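Remarks on the structure that follows.
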Amino acid sequence: MFIAFEGIDGSGKSTISSLLRKYLEDRGWNVVLTHEPQDQSLRHPSHEDAMNGFLMFYKFMADRVSHMSSMEKSLGDGKVVISDRYLLSTLAYQGPLMESFFGDYQRTVQWMMDASRPVKLMPDVTFLMDASPAVTLGRIREKKKDAFEKEEYLTRVREYYLRCKWPNKVVIEATRNLEECFAVVTGTIDALMA
Ligand code: TYD
């Protein structure tokens with residue numbers, strides 16, 4: 001099984017994915033917890049303009065295509081793969097920047113889906129940890145971490161995340177407490193594995 005976690009920074013996806021790894025390991029599964037981008041140099045992408053959006057789209061795709069082969073190998077060995085971010089991150093983060101090239105949301109998403117065809121591996125389920133940027137930026141600042149993204153841009157990213165038609169997307173209200181969020185995740189996984 002291939003499970004992806006998505007959401008803006010500070011939404012809790014890394015915490016929940018680690019909890020899920022432990023939950024599945026306790027039940028005897030061999031779990032690989034991975035994340036994107038694999039290339040550390042892509043961790044602080046430029047979100048400045050359409051041209052950068054375009055460039056970053058291809059960089060994240062290249063990163064993903066190389067990541068895909070190791071994930072496919074793990075899945076072939078019968079492991080559960082959990083990825084903290086996957087293709088939906090590219091649609092949500094790079095889409096808003098490229099919109100000025102394509103005119104509107106529909107055309108932008110259509111173009112990105114067409115250009116994503118090399119990514120054959122799709123998650124069995126994608127959990128979208130949804131919270132407003134005001135909440136997530138507050139959490140990041142509380143932890144004294146660097147919030148390098150702006151609220152206005154993250155609001156657009158969130159819109160793309162929510163609006164994108166995506167197979168087996170489970171939206172979790174990330175403002176609820178951790179136990180409640182995690183219960184949604186385990187309930188979904190248990191049902192899928194039954
Ligand atoms: P992440 O590693 O989750 O951030 P952190 O440094 O807090 O652990 O993600 C790095 C950044 O890259 C994040 O702002 C989201 C962005 N990103 C994209 O813009 N497009 C993508 O396709 C991916 C995977 C990430």
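The values are calculated or read from the model by the stated rules, or taken from the named source; none is laboratory data. Small disclaimer: the values here were computed from a predicted structure and weren't measured. With ideal geometry, Cβ positions are generated from the backbone for all residues, glycine too; neighbour counts draw on all protein chains shown. Side chains included, ligands, DNA and RNA excluded: accessible areas come from the protein's heavy atoms. Shrake-Rupley method; radii C 1.70, N 1.55, O 1.52, S 1.80 Å.
Filter region 53-66 down to the residues that are over 15 Å from the mean Cα position of the chain (by Cα) and either open to solvent by less than 20 Å² (accessible area, probe 1.4 Å) or near the ligand (Cβ under 10 Å from one of its atoms) (or both) and list them by number.
Hits for region 53-66 are Gly53, Met56, Lys59.
Which condition breaks for Gly78 when tested against (1) open to solvent by 40 Å² or more (accessible area, probe 1.4 Å); (2) over 23 Å from Asp26 (Cα atoms)?
Evaluating Gly78 over (1) open to solvent by 40 Å² or more (accessible area, probe 1.4 Å); (2) over 23 Å from Asp26 (Cα atoms) leaves (2) as the failure.
Can you work out which of the residues in region 19-42 that are part of a helix (DSSP H, G or I) and open to solvent by less than 60 Å² (accessible area, probe 1.4 Å) is farthest from Ala174 (Cα to Cα)?
Per the criteria, the residue is Leu42.
Among Lys120, Lys144, which is within 15 Å of the ligand (Cβ to nearest atom), open to solvent by 20 Å² or more (accessible area, probe 1.4 Å) and not acidic (Asp, Glu)?
Checking each option against the conditions leaves just Lys144.
Quick grid of which residues meet (1) away from the ligand (no atom under 12 Å from the Cβ); (2) at positive phi; (3) open to solvent by 30 Å² or more (accessible area, probe 1.4 Å); (4) modelled with pLDDT under 95:
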| position | (1), (2), (3), (4) |
| --- | --- |
| Ile82 | yes, no, no, no |
| Val125 | yes, no, no, no |
| Thr136 | no, no, no, yes |
| Val157 | no, no, no, no |
| Tyr160 | no, no, no, no |
| Ala174 | yes, no, no, no |
| Cys181 | yes, no, no, no |
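Here is a list: Met68, Met98, Met51. Which entry is touching a Ser or Thr at 6+ places or on another chain (Cβ under 7 Å) and assigned to a helix (DSSP H, G or I)?
Step by step, each of Met68, Met98, Met51 is checked, and only Met98 is touching a Ser or Thr at 6+ places or on another chain (Cβ under 7 Å) and assigned to a helix (DSSP H, G or I).
Among Lys169, Lys165, which is open to solvent by 30 Å² or more (accessible area, probe 1.4 Å) and either at pLDDT 95 or above or in contact with a strand residue (DSSP E or B) (Cβ under 6 Å, 6 or more places away or on another chain) (or both)?
Exactly one of Lys169, Lys165 is open to solvent by 30 Å² or more (accessible area, probe 1.4 Å) and either at pLDDT 95 or above or in contact with a strand residue (DSSP E or B) (Cβ under 6 Å, 6 or more places away or on another chain) (or both), namely Lys169.
If you check Ser69, Ser46, Ser74, Ser100, which single one turns out to be within 16 Å of the ligand (Cβ to nearest atom) and among the polar types (S, T, N, Q)? Explain how you work it out, then say what you get.
On the way: Ser69 fails: within 16 Å of the ligand (Cβ to nearest atom); Ser74 fails: within 16 Å of the ligand (Cβ to nearest atom); Ser100 fails: within 16 Å of the ligand (Cβ to nearest atom).
Sole residue among the options that is within 16 Å of the ligand (Cβ to nearest atom) and among the polar types (S, T, N, Q): Ser46.
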